[in-house]
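A.B. asks: Handing you a structure now.
The values are calculated or read from the model by the stated rules, or taken from the named source; none is laboratory data. Just so you know, these numbers come straight off a predicted model, no measurement behind them. Cβ placement follows ideal geometry from the backbone for every residue including glycine, while neighbour counts extend to all protein chains displayed.
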């Protein structure tokens, strides 16, 4: 043992053993994989007691989690339940107050934009629809978005003016118990696990379809957020809106140029530079990035990859230095919610906080509190 080489070997062996023990001590035990029946039972426990058909809801939610390989953790399940409760109070096709009036106004607005007189539209609505009732009668009776969507689909396909007035246009953009975007569902239907007899649009208005695509929109993308509140904001404002709003905030503080914190980094479908891109260009010399490099990185704003770009890292490094503090990497998008269905001033922040309140109550139930 007096050999220096042997002493060194002994010390290195001891250090390696200690490091291995330390690593074992910091590793978290893996959560047990729950059987489908156990996941369904958990959802039943977490659902409000007065929810109709809790077992049916649990079955559709569990199937959606399994099909998308999303962990059915308490946090993920409560996030889904909180959004569903906020959007529909667990109604598969929730009624919309004043929907008939909203529908008529939308038809007349669309017709007016095409210079079609109102009396021509009203005459078209008196035509009998495939149900045997006139379109006008069906509009007056419509209470849900599913009913309204079906009316428009029939109107477009059958009424002579329907194709000219609306083409493929249908004013119902969201649907189902999570009020998920129909465009999102149509774009993410490749791995949908159920047979589709009609269209993906129609599937959104079912419980299984509405929950599948709603869960995909809420949880189907990786984020670095410190808490679910920002996912709830993204559900309303779009993927990574909270992260992108934080980036816009950093750009604004570093440049002194006011920006709307809406999460939109570029004007999609256009090569024209928007307000965020122009503000970033004002920092060009300090960032040591060309216009083309700035544009290239901003176009990654719809993915987590944006956080690994030179632009993202350099903007935050500069802004942190200017502000003499580490800026938040996620903030509430400053967006006013606008829709014919909304009759009072609401914002993305309002939505996210309302959902978060429901989420916190659900997590309390999950912990037995």
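A.B. asks: What number of residues in region 269-310 are in a loop (DSSP other than H, G, I, E, B), modelled with pLDDT of 95 or more and surrounded by fewer than 13 Cβ atoms within 10 Å (Cβ to Cβ)?
C.D. replies: Of the residues in region 269-310, 2 are in a loop (DSSP other than H, G, I, E, B), modelled with pLDDT of 95 or more and surrounded by fewer than 13 Cβ atoms within 10 Å (Cβ to Cβ).
A.B. asks: Something else: Identify the single condition in (1) assigned by TED's automatic domain parsing to the domain that holds residue 367; (2) assigned to a helix (DSSP H, G or I); (3) under 30 Å from residue 138 (Cα atoms) that residue 106 does not satisfy, given that it satisfies every other one.
C.D. replies: Of the numbered conditions (1) assigned by TED's automatic domain parsing to the domain that holds residue 367; (2) assigned to a helix (DSSP H, G or I); (3) under 30 Å from residue 138 (Cα atoms), the odd one out for residue 106 is (1).
A.B. asks: Looking at region 211-231, which of the residues that are within 13 Å of residue 179 (Cα to Cα) and touching a helix residue (DSSP H, G or I) at 6+ places or on another chain (Cβ under 6 Å) is surrounded by the fewest Cβ atoms within 10 Å (Cβ to Cβ)? Let's see the steps before the verdict.
C.D. replies: Of all residues in region 211-231, those within 13 Å of residue 179 (Cα to Cα) come to 211-218.
When the remaining residues are screened for being touching a helix residue (DSSP H, G or I) at 6+ places or on another chain (Cβ under 6 Å), the result is 211-213, 215, 217-218.
Numbers: 211: 25, 212: 30, 213: 28, 215: 25, 217: 22, 218: 24.
Within region 211-231, the match that is surrounded by the fewest Cβ atoms within 10 Å (Cβ to Cβ) is 217.
A.B. asks: Quick test of your reading of the structure: residue 266 fulfils all but one of (1) in contact with a helix residue (DSSP H, G or I) (Cβ under 6 Å, 6 or more places away or on another chain); (2) surrounded by fewer than 22 Cβ atoms within 10 Å (Cβ to Cβ); (3) in a helix (DSSP H, G or I). Name the failing condition by number.
C.D. replies: (3)
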